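Everything on this sheet refers to the single structure shown next.
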Amino acid sequence: MKDNRTPIPKGTKIDYDNSKQKIVFTVADVIGYGGSCIVYDAFYTDTYGIRHNCILKQLYPLYENADTLYKWDNVPVTESQLDRFLHASEIQKNISQENATVNTTSLLYSVFSYQDSVYFQCSEKNFGSSMDKIHFDNLHEYFFVLLQTARIISEYHQQGWLHLDIKPQNIFCKTSEDHHFSVLMFDFDSLIKTDCVADSSHVISCSRNYAPPEVLQGMRKNIGIFSDFYETGCMLFEKIFGRFPKSTEISGFKSYPWSESTLKNSKNSELLSALKDFFRHTITVSVKKRYQTDDDFVNALENLYQLSYEQKRTVVSNFTTPSIFFR
């Protein structure tokens, strides 16, 4: 589907008047595009001359089959779309204050409108870069990030939430003092309470490339924690094969073409066997064949992380983005 949205140009100033001061954001770059939003790197300078980096998320729906090219400052937004945007903001605010997820969920500063017609969320930006912008030196590092992501998602599940939009653009990472990656989740538009899934009045959105079949097809009775497992498995498949899985590869009847992957020279048969088992229990059409508990899912990733250790000097990443140096 053609994207008919024009993002905010770099260098554009966005004014925000709150009760304490006037803030002028400067848009630095586009981070990514979603079905309902466009996300930007931005910054502002406070009254003391100190620069603050932040993330601006603009409510900017993608309209299917629309030939009109929409400009960023003239976006048609329905009342239900705005309500959903504000609801997602409230969810993010609440989750970021929970003890179990306070350090793994991006902190929402404010929600505001520009010229009373363009709507933004402003979140903290002191946490590295999104996964799609990071060069991982080896698969072992990538498994570490996926394992941390799985543990965070497990906490959401324990609180009764499904994420349903797990993808590299929504996972921010930075290196920690022990040279491991710390992980922070971003974007909560798709977050939904497990007991609300069956209610068709609750809109379920997704990112088409990563979403499981039951979400794409609107089969609400089949949506559950294993839907999040599918998306994580899809991320790993993309990392290893440089593409998304084909329909035959999620049917459960096809072997995986390791010769076309970053592991084509691997002699670690135990790792390849564990990966095959992981894919068979994540990126499969059958929800009954996927992992049914968070513990099983996390334990499988823990095993892959351990098995990938000996590969870390030989596996070459599919990503071509230059290495990011974190501040």
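The values are calculated or read from the model by the stated rules, or taken from the named source; none is laboratory data. The structure presented is a predicted model; accordingly, all values stated were derived computationally and were not measured. Don't worry about glycine lacking a Cβ; one is built from the backbone with ideal geometry, like all the others, and counts go over all protein chains shown.
Structure above, values below:
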read-out: Among (1) touching a helix residue (DSSP H, G or I) at 6+ places or on another chain (Cβ under 8 Å); (2) more than 24 Å from A88 (Cα to Cα), the one test that I50 misses; value: (1)
read-out: Number of the condition not met by N209 [criteria: (1) over 19 Å from V145 (Cα atoms); (2) in contact (Cβ under 8 Å) with a residue 40 or more places away in the chain; (3) crowded, with 18+ Cβ neighbours inside 10 Å]; value: (3)
read-out: Residues that are in contact with a Leu (Cβ under 7 Å, 6 or more places away or on another chain) and either among the charged types (D, E, K, R) or without any contact (Cβ under 8 Å) to a residue 40 or more places away in the chain (or both), drawn from the range 115-156; value: E124
read-out: Qualifying residue in the range 14-28 (condition: of a type outside the set (K, R) and within 19 Å of L69 (Cα to Cα)); value: no
read-out: Check on Q148, surrounded by fewer than 18 Cβ atoms within 10 Å (Cβ to Cβ) and either charged (D, E, K, R) or under 15 Å from D228 (Cα atoms) (or both); value: no
read-out: Scope the range 266-301; condition more than 23 Å from the chain's Cα centre (by Cα), surrounded by fewer than 20 Cβ atoms within 10 Å (Cβ to Cβ) and touching a residue at least 40 places away in the same chain (Cβ under 8 Å); matching residues; value: S266, N268
read-out: Filter pass, L263 being closer than 23 Å to F144 by Cβ, crowded, with 21+ Cβ neighbours inside 10 Å and without any contact (Cβ under 8 Å) to a residue 40 or more places away in the chain; value: no
read-out: Those residues of the range 151-195 which are exposed (fewer than 14 other Cβ atoms within 10 Å of the Cβ), not acidic (D, E) and not in a loop (DSSP other than H, G, I, E, B), in sequence order; value: Q158, K193
read-out: Subset of the range 245-260 that is closer than 25 Å to K221 by Cα and either modelled with pLDDT of 95 or more or out of contact with any Pro (no Cβ under 8 Å at 6 or more places or on another chain) (or both) - its residue that is surrounded by the most Cβ atoms within 10 Å (Cβ to Cβ); value: P245
read-out: Filter pass, S190 being of a type in the set (S, T, N, Q) and touching a Ser or Thr at 6+ places or on another chain (Cβ under 8 Å); value: yes
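Residues are listed down the side, and each one gets a yes or a no for (1) assigned by TED's automatic domain parsing to the domain that holds L191; (2) exposed (fewer than 11 other Cβ atoms within 10 Å of the Cβ); (3) of a type in the set (A, V, I, L, M, F, W, C):
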residue: G32; (1), (2), (3): no, no, no
residue: Y44; (1), (2), (3): no, no, no
residue: T47; (1), (2), (3): no, yes, no
residue: V75; (1), (2), (3): no, no, yes
